Every structure is written in C-alpha cells, then in structure tokens.
Amino acid sequence: MKKILTIILASLMILTLAACTAKPGENVDPGKMSEKAQEDYEDSLETFSPEAAEYYLEKATGIKAADIEPDWEWEFASKYSALGEDGRGLFTFTKKDGELTDEEIDTYFKKVFDKTAAVSQDGYNIIGYEFVGEGENALDQTTLEDALGGWLQGWAFRVDDTIYTVYVSSEYDNDKESEFDRLFYYNAVKVDIAQGMQKGWDDYMSDIEENQDEIEEALKDFAN
C-alpha cells in the first residue's frame, strides 16, 4: 500500500512539473492548468505571438484559435498578426497568394459571429456598449447585418456575466491593385476579442464623480 501511494505521489509530481514548464507552442488547455502553472506559462509567453493570442482567448472565453480560423489558406504575415493579453486575443489572418473575395470576407465574419453566439451565456450575441445607438439597449440581441452595418464593425457577447467585445475588419494591401471592382486590395481579416465595457458611459462617469477624491489622490501618488 505504501509503495502504491509513493507511485501515485511521484506521478502527480511529474504531471505538475510538466504543466509548470509548458512552453509556448505546446497544446495548452488553460482550464486544466493550476493557478501556478498558468502564471509560469503566462510569464513564458511573448505578447505578440499566436500562442499568447490563443491562450488568453481560450482562457477568457473558451474559444480556441482553430474555432475562428478562416476556411481558406492563410498565414500570419508579420510579427504583429497576433496579440495575446489578459482577457484578449487578436488575430490577423492574411490570405496566401491572393485577394479575398467579398464572399470569403462575409463568410468569415459569419463564422466568428456564430461561434461567439454559441459560447455565450445567452445563446446569442448582443449589441454591446461600444456599439449601442440612441434608443437601443446594449444587452439586446443583435444580428450580423446590424453588427457590420456601422462605420465601426463589431458586436458583443457574455460569458460568466462578463461582456466581451468583438471587433472585426477586412485589411488591405496598399501596394497592390484590386482585381475586383473595388478601391482596395483586401487580403486579410482581423478579429479582436477582448473584455469590453461592462456598463454605459453615464454609469462610468457617475463612478468617477463619486470617487473623485480617491482618483485625484491616486494620480498624485502616481505622479510622485
């Protein structure tokens, strides 16, 4: 019995060490890591990297990078194509050897829209405080058409009572001319998912007014 317990303890130690020393690029599941293992792994991540973007996105929302990758052949064209920070994952997917059609762009945005709706606690996407218009409720359900209809394209969704904002855009190459009947040569899509505003501007301003003295004192301490 004592020998069996020793083997079990040794096995647990090996598993713990493996989790704590995980390196960027490995298949990491934040939900299965201890708090210490998460801290060690996060310290090893480079902020501008696909590994960081995927890790923080999955940690916050449960969405994996594979869930929002385009269906066409793509690449990370530069170091700054991916960004991972606490509660945020940003990706810019550039099409390999070609220009994106309007249909490919629209299909991709729909894929992301459907995925965020699927993981949301409501079962649908909401307008979000960043995109809400006059007379609208930020927590009301939104459609993809409405989310993409404004100058700023995006929407929001809720997970564990936290609101996440989704910004999407199509990116273009200034050095190339479009083969289609449009002004720019669109060859990439960008999606930025991060914790958004949790309440409206009026509520935030009220908080600032109520805590004005504490804020001023904190600013003085920071300046000194």
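The values are calculated or read from the model by the stated rules, or taken from the named source; none is laboratory data. Since we're looking at a predicted model, the values are computed, not measured. Quick reminder, even Gly has a Cβ in these numbers, built from the backbone with ideal geometry, and neighbours come from all protein chains shown. Protein only, heavy atoms only, side chains kept; ligands, DNA and RNA dropped before computing areas. Shrake-Rupley method; radii C 1.70, N 1.55, O 1.52, S 1.80 Å.
The numbered conditions (1) among the hydroxyl-bearing types (Ser, Thr, Tyr); (2) closer than 25 Å to Met197 by Cβ; (3) in contact with a Ser or Thr (Cβ under 7 Å, 6 or more places away or on another chain) are all true for Ser81 except (2).
Scoring Glu54 on the criteria (1) closer than 23 Å to Asp160 by Cβ; (2) at pLDDT below 95 leaves a single failure, condition (2).
Residues in segment 102-109 include none that are of a type in the set (A, V, I, L, M) and open to solvent by 50 Å² or more (accessible area, probe 1.4 Å).
Scoring Leu57 on the criteria (1) touching a residue at least 40 places away in the same chain (Cβ under 8 Å); (2) over 17 Å from Val119 (Cβ atoms); (3) buried (at least 16 other Cβ atoms within 10 Å of the Cβ); (4) not β-branched (Val, Ile, Thr) leaves a single failure, condition (2).
Those residues that are small (Gly, Ala, Ser) and at pLDDT below 95, I need them from segment 88-110; list them, please. Even if it seems obvious, please write down each step before you answer.
Residues of segment 88-110 that are small (Gly, Ala, Ser), as a first pass: 89, 98.
If the condition is that a residue be small (Gly, Ala, Ser) and at pLDDT below 95, then Gly98 is the only one that fits.
The criterion of at least 1 residues that are surrounded by 10 or more Cβ atoms within 10 Å (Cβ to Cβ), in contact (Cβ under 8 Å) with a residue 40 or more places away in the chain and among the aromatic types (Phe, Trp, Tyr) is met, among helices (runs of 4 or more DSSP H) falling completely within segment 120-224, by 201-210.
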